[in-house]
Amino acid sequence: CTCSHLSWQSSCLLRTGQFVVRGMVMPSCSVGTHLRGPPAATYPGSSRSRAHAIIRHGLGPHHEDPHPRSPCTSQEPQQPWQRIRATAMAAVAAVAVLTQASPSWSVSTEQLLFLEAWRAVDRAYVDKGFNNQNWFKIREVYLKTEHFDNRDETYTAIRKLLASLDDPFTRLLEPARLERLKRGTGGSVTGIGVEVSFDATLGRDSELVVVSPLPGGAAEAGGVLPGDIITAVDGKPTKGISLYEASEMLQGPEGTQLVLTVRSGRAATREVPLSRKRVVVNPVVWAACSGISPSVGAPATKLGYIKVSTFSSKTVDAFVEALQELREQGAADALVLDLRNNGGGLFKAGVDLGKLLMDKGDIVLIADSKGVRDIYSTDRTAIEATAPLVVLVNKGTASASEVLAGALKDNLRGRVVGSEQTFGKGLIQTVVDLSDGSGLAVTVARYQTPSGIDINKLGVTPDLKLTPEQMPPQGPAAFCKAMASPTAPRLFL
């Protein structure tokens, strides 16, 4: 057998349901290597158990091969999602090439696409128990029972496969949706100005949960708050829909109308009519607050207020500009970083901002089912690592903003102040391209704070808890006015 772009091929004949595989794929084989694999007879049991054994040892991520004969030169290991597409395509290519020798056991193009999706989840998914399922058996069952006569039926089978994980964040992205995701968002969006997620404890039975309304958006003007539940949009229930379906329902041409059905806590649902509008997302606003009341506990009569609304490609540069302006105005001796209603955004931007405020320590731990796998730490590029710092959070503080708040808290760099826990969205997704132009968003890991606290579902606990009435208002002008009041809450130690 010639490796070509595959790693190695065995001479084993595997009958797995509807098709025959005469080869297996192992990582890190150089092009052109010739190698014979272990014979099928070395695996005891029925043909099905032999198939499972060889698949596990040849393709599975959880077991070492019991016959390590490959002469291939070892390569630097990569994270699962860094090599997921290459290995998934290699596995599919192995099936496609080798079944040509047995035309009576052919595999259709649609089945190959399904196998590609199955393989992507097998390699990268954070829960190696796959929601307490035998992932190999699931594959066999779907190949035997699902229809693969056209692309729509294949997509239906893939959606059902992913739904079995009961993870609302692992989902299929059809080509058009994947293209929109890759284009990303610029500095504005036309819709109602709200970031939504799911209640991960409910899995796919969750309705839409408001993470944060964007400043200046229609949702904020309509009184929609972080933690509110959107049960329906224009009468269509949100239970069980994907985030991309939610996006399509909420966004639309400027000036068009929609009605949200919203529930706050245990209160009865209410109808909220809104008009879509273009919302300019300004990631950072700031102000130099003077005449600060002694009750605040600030070490100076001036303090710098910086509100970060989202983590985009522009956030870090805007933060640096804000800090420079505050220094020029003599208001950088004490800082307030407002992360309320910041639903996250680019993970890297949140980490990079942490590096600007800390000169030592870890920022975030990345963990999967086997434990901590990666650590992001400071790199001595801080531009302000000593000024007293207060971090304001609320239920709308989520994802990358929770990473930053948790890092500042655990490293004793900032005092986290809020009236409630942060949102608790600590899952990491990666997007895997499939060969037909579609893709999968796959949950691959979880965030943990430097002290090892799992952010997902738990969030970050404030160091100082104030009542909602005590919390200062958001926005530069309102915040500065509140800090000048004799009744302003004590924020600094």
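Read-outs: derived from the displayed coordinates by stated rules, not from any lab. The shown structure was predicted, so the numbers you read here are calculated from the model rather than taken from an experiment. Please note: Cβ atoms are built from the backbone with ideal geometry, for glycine as well, and neighbour counts cover all protein chains shown.
Give me the net charge of Asp333's neighbourhood, meaning all other residues with Cβ under 10 Å from the Cβ of Asp333; Lys, Arg count +1, Asp, Glu -1.
So the environment of Asp333 carries a net charge of +2.
Could you list log10 I(q)/I(0) for segment 282-370 at q = 0.25 Å⁻¹, which the Debye formula gives when each Cα is one point scatterer?
Each listed q corresponds, in turn, to -1.25.
Round to the nearest 0.05 the FRET efficiency obtained for Thr461 and Arg159 when R0 = 22 Å and r is the Cβ-Cβ distance.
The pair Thr461/Arg159 has a calculated efficiency of 0.05.
Could you tell me whether segment 138-254 comes out rounded, prolate or oblate from its Cα gyration tensor? Rule is a ≥ b ≥ c as square roots of the eigenvalues, rounded for a/c under 1.5, then prolate if a/b exceeds b/c, otherwise oblate.
prolate
Hey, can you grab everything whose amide H is under 5 Å from the amide H of Gln429? Only 5+ residues off in sequence or another chain; H modelled, so Pro and N-termini drop out.
Val444
Shape call for segment 349-493 from the C-alpha gyration tensor, a ≥ b ≥ c root eigenvalues: rounded (a/c under 1.5), prolate (a/b greater than b/c) or oblate?
prolate
Please list 3J(HN,Hα) in residue order for segment 409-422, calculated via the Karplus relation 6.51 cos²θ - 1.76 cosθ + 1.60 where θ = phi - 60°; whole Hz, with x for glycine and proline.
Values, residue by residue: 5, 5, 8, 6, 7, x, 9, 7, 10, x, 9, 7, 5, 6 Hz.
At what distance in angstrom do the alpha carbon centres of segment 133-170 and segment 421-493 lie from each other?
34
Starting at the first residue of segment 159-167, write each ³J(HN,Hα) from the Karplus equation 6.51 cos²θ - 1.76 cosθ + 1.60 with θ = phi - 60°, in whole Hz, x for Gly and Pro.
With coefficients 6.51, -1.76 and 1.60, one gets 4, 5, 4, 5, 5, 5, 7, 6, 10 Hz.
In whole Hz and in residue order, list the ³J(HN,Hα) couplings for segment 107-122 that follow from phi through the Karplus curve 6.51 cos²θ - 1.76 cosθ + 1.60, θ = phi - 60°; x for Gly and Pro.
In residue order, the calculated couplings are 10, 6, 4, 5, 5, 4, 5, 4, 4, 4, 5, 4, 5, 4, 5, 4 Hz.
For Phe198, what residues show an amide H to amide H distance below 5 Å, using hydrogens built from the backbone and excluding near sequence neighbours?
For Phe198, whose amide H was placed from the backbone, the distant partners under 5 Å are Val209.
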